[in-house]
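**Student:** Can you keep this structure in mind? I'll have questions shortly.
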Amino acid sequence: MRTPIIVGNWKMNKTVGEAVNLVSELKSLIADVSGVEVAVAPPFTALVAVGREIGGSNIQLSAQDVFWEKEGAFTGAISVSMLKDTGCRFVILGHSERRQVFGETDASVGKKIRAVLAEGLQPIVCVGESLEQRESGKAFSVVETQIRGCLKGLSPTEMEAITIAYEPVWAIGTGRTATPLQAEEMHQKIRNVLKEVFSQDTAINVRIQYGGSVNAENIRDLMEQSDIDGALVGGASLKAVSFSRIVKFSQK
Ligand code: PEP
């Protein structure tokens, strides 16, 4: 049985004070929720303060990115041990904004995945096709290439510590969600690739989230699909009430 997982990606939003206020409100709204894992990914600057605020609660901490080197002359970068130090359990990797704006590739995502796993944290690996790729019938092959490229060489045990987030780029921040059937179709395809690369058990055990304009109105239909194990939520995670409703509607 896969436990659903809902992660709020706050992107480049919230000062430290705003982040603490948001998570404090969220904490009380979902205090009685069980059967679903919840994490928030504030900007680096707010990780320590948010980590303190959620201590002892049912909310976990995620980072939005990391660098693969352990330490040294890498101006502006943050290492996995630095994230661990703040109490992070998850690290989002390969988000389409990192790929598009910062030149992230499957090879760099792969190095980050290994660095995160080596320190015992759990990567959330984002994949997804652009609108042009979907419209030209290439969605499946694009996602398959990303999956194979990022995850090659990992053991089945390492793979099972990873959550995959299927995020069609055309659905991120656009208000245009993939239909539950479109998402389910891709999630099944991803599971088939995992079966080929790893094993049947791995394919069954790995959690696959959907991401792209998820809100309190569309989450229930998405969660009804058997291969959708939660959501990576951007815009709707910036308000405690909307995010708490998504969390509550995700209890399977
Ligand atoms: C995201 O940034 O991962 C995301 C899915 O954003 P939004 O929910 O705003 O589309």
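The values are calculated or read from the model by the stated rules, or taken from the named source; none is laboratory data. Bear in mind that the values here come from a model prediction, so they are computed numbers and not experimental data. Cβ: placed from backbone, ideal geometry, glycine included. Neighbour counts: every protein chain shown.
**Student:** So if I check each of Phe90, Phe74, Phe140, which one is aromatic (Phe, Trp, Tyr) and buried (at least 19 other Cβ atoms within 10 Å of the Cβ)?
**Tutor:** Only one candidate qualifies: Phe90.
**Student:** Filter region 119-137 for residues that are without any contact (Cβ under 8 Å) to a residue 40 or more places away in the chain and under 25 Å from Arg89 (Cβ atoms); which is surrounded by the most Cβ atoms within 10 Å (Cβ to Cβ)?
**Tutor:** Selected residue: Glu119.
**Student:** Further question on the same structure: Does Ala63 satisfy being touching a residue at least 24 places away in the same chain (Cβ under 8 Å) and within 18 Å of the chain's Cα centre (by Cα)? Can you show your working first?
**Tutor:** Numbers: touching a residue at least 24 places away in the same chain (Cβ under 8 Å): yes; within 18 Å of the chain's Cα centre (by Cα): yes.
Yes, satisfied.
**Student:** Can you pull out the residues in region 165-187 that are in contact with a helix residue (DSSP H, G or I) (Cβ under 8 Å, 6 or more places away or on another chain) and at pLDDT 95 or above?
**Tutor:** As a first pass, look at region 165-187 and keep what is in contact with a helix residue (DSSP H, G or I) (Cβ under 8 Å, 6 or more places away or on another chain): 166-170, 172-173, 176-178, 180, 183, 186.
Scanning region 165-187 gives Tyr166, Glu167, Pro168, Val169, Trp170, Pro180, Ala183, Met186.
**Student:** Could you list all residues from region 1-31 that are under 30 Å from Ile204 (Cβ atoms) and free of Cβ contacts under 8 Å to residues at least 40 places away in the same chain? Explain how you work it out, then say what you get.
**Tutor:** Start the filter on region 1-31 by keeping residues that are under 30 Å from Ile204 (Cβ atoms), which leaves 1-9, 30.
Once the filter is applied, which keeps residues that are under 30 Å from Ile204 (Cβ atoms) and free of Cβ contacts under 8 Å to residues at least 40 places away in the same chain, region 1-31 yields only Met1.
**Student:** Within region 223-252, restricting attention to residues that are in a loop (DSSP other than H, G, I, E, B) and within 16 Å of the ligand (Cβ to nearest atom), which residue is surrounded by the most Cβ atoms within 10 Å (Cβ to Cβ)?
**Tutor:** Within region 223-252, the match that is surrounded by the most Cβ atoms within 10 Å (Cβ to Cβ) is Ser250.
**Student:** From the list Arg220, Arg191, Arg148, which one is more than 11 Å from the ligand (Cβ to nearest atom) and either crowded, with 16+ Cβ neighbours inside 10 Å or of a type in the set (Asp, Glu) (or both)?
**Tutor:** Arg191
**Student:** So, Val66, is that one among the β-branched types (Val, Ile, Thr), over 17 Å from Val233 (Cα atoms) and in contact with a strand residue (DSSP E or B) (Cβ under 9 Å, 6 or more places away or on another chain) or not? Even if it seems obvious, please write down each step before you answer.
**Tutor:** Numbers: among the β-branched types (Val, Ile, Thr): yes; over 17 Å from Val233 (Cα atoms): yes; in contact with a strand residue (DSSP E or B) (Cβ under 9 Å, 6 or more places away or on another chain): yes.
It is true that Val66 is among the β-branched types (Val, Ile, Thr), over 17 Å from Val233 (Cα atoms) and in contact with a strand residue (DSSP E or B) (Cβ under 9 Å, 6 or more places away or on another chain).
**Student:** I'd like the residue in region 182-220 that is without any contact (Cβ under 8 Å) to a residue 40 or more places away in the chain and in a loop (DSSP other than H, G, I, E, B) and, out of all such residues, is farthest from the chain's Cα centre (by Cα).
**Tutor:** Glu217
**Student:** While we're looking at this one, here's another question. Can you tell me which of Ile147, Ile228, Ile208 is closer than 22 Å to Asn9 by Cβ, out of contact with any Asp or Glu (no Cβ under 7 Å at 6 or more places or on another chain) and not aromatic (Phe, Trp, Tyr)?
**Tutor:** Matching residue, one of Ile147, Ile228, Ile208: Ile147.
**Student:** Out of Val206, Val169, which single residue is among the aliphatic types (A, V, I, L, M) and within 16 Å of the ligand (Cβ to nearest atom)?
**Tutor:** Val169
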